[in-house]
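The values are calculated or read from the model by the stated rules, or taken from the named source; none is laboratory data. This structure is a prediction, so every number in the text was calculated from the model and none was measured. Heads up, the Cβs are rebuilt from the backbone with ideal geometry, glycines too, and the neighbour counts pull from every protein chain shown. In case anyone asks, the SASA skips ligands and DNA or RNA and just uses the protein heavy atoms, side chains included. Shrake-Rupley method; radii C 1.70, N 1.55, O 1.52, S 1.80 Å.
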Amino acid sequence: MDSDYPFVPWDGPTDARVMVIGERPGYDETRGRPPRPFIGKAGLELFGGWDDRGDYHAGHWKKWVGVPREEVRVGNVVPTYRHGENPAPWEIDEWGPACLHEVRRVGPDYVITFGAHAARYLLQTDLPMDLLNGCPHWYTHIEGVWSSAIPIVIPVVHPAYALREPGQQDALAEGLRAVRRALDGTLAPVRPLG
């Protein structure tokens, strides 16, 4: 595993009902003491909080999903930071099994992926995010992982992408509303991909 770059570990309860999996940490996540996932600009967009200037951001997660961050296990497929880079295929191949191990260990009911790299890795698909966004799927790609329950994976547009592309704000909100409907039991998963 690549140890030349700052590592950002998982955060949140190890018995969480909901897990959030992003693509990779940003610079701000590595500066936290301790380092934490989703505390930079994308994290403020998603979960809310105070920024470096002292401005408060409400965040979309609480508004649309309603599950407190303190009850969510949060991490990334690739837990190491590289300036301005999306995860490379070799990094996902290298770190992906550790991510899946964490999902097995926690055993959540729901896994929310943010961004195409996380969604495509967990769902083993090449479908574009505009087709995956907000669409719950049964997660069935690892045999023998869960004895009685299989988590539901819900891909959502990454909040960093929504910050860069203002037209994606609606897609982010749509994805988060779908997460809420799935958690409430009013949006059923589609058949497994593959």
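Table for the structure above
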{"read-out": "Boolean, Y121 is among the hydroxyl-bearing types (S, T, Y) and without any contact (Cβ under 8 Å) to a residue 60 or more places away in the chain", "value": "yes"}
{"read-out": "Residues located in segment 62-85, provided they are out of contact with any Gly (no Cβ under 8 Å at 6 or more places or on another chain) and charged (D, E, K, R)", "value": "K63, R82, E85"}
{"read-out": "Verdict on L122 being part of a helix (DSSP H, G or I) and over 23 Å from P6 (Cβ atoms)", "value": "yes"}
{"read-out": "Members of segment 157-175 that are free of Cβ contacts under 8 Å to residues at least 40 places away in the same chain and either in contact with a Phe, Trp or Tyr (Cβ under 7 Å, 6 or more places away or on another chain) or exposed (fewer than 15 other Cβ atoms within 10 Å of the Cβ) (or both)", "value": "R164, E165, P166, G167, Q168, D170"}
{"read-out": "Pairs with Cβ under 8 Å, 6+ apart, first in segment 7-24 and touching a residue at least 40 places away in the same chain (Cβ under 8 Å) and closer than 22 Å to N133 by Cα, second open to solvent by 40 Å² or more (accessible area, probe 1.4 Å) and polar (S, T, N, Q)", "value": "E23/N86; R24/N86"}
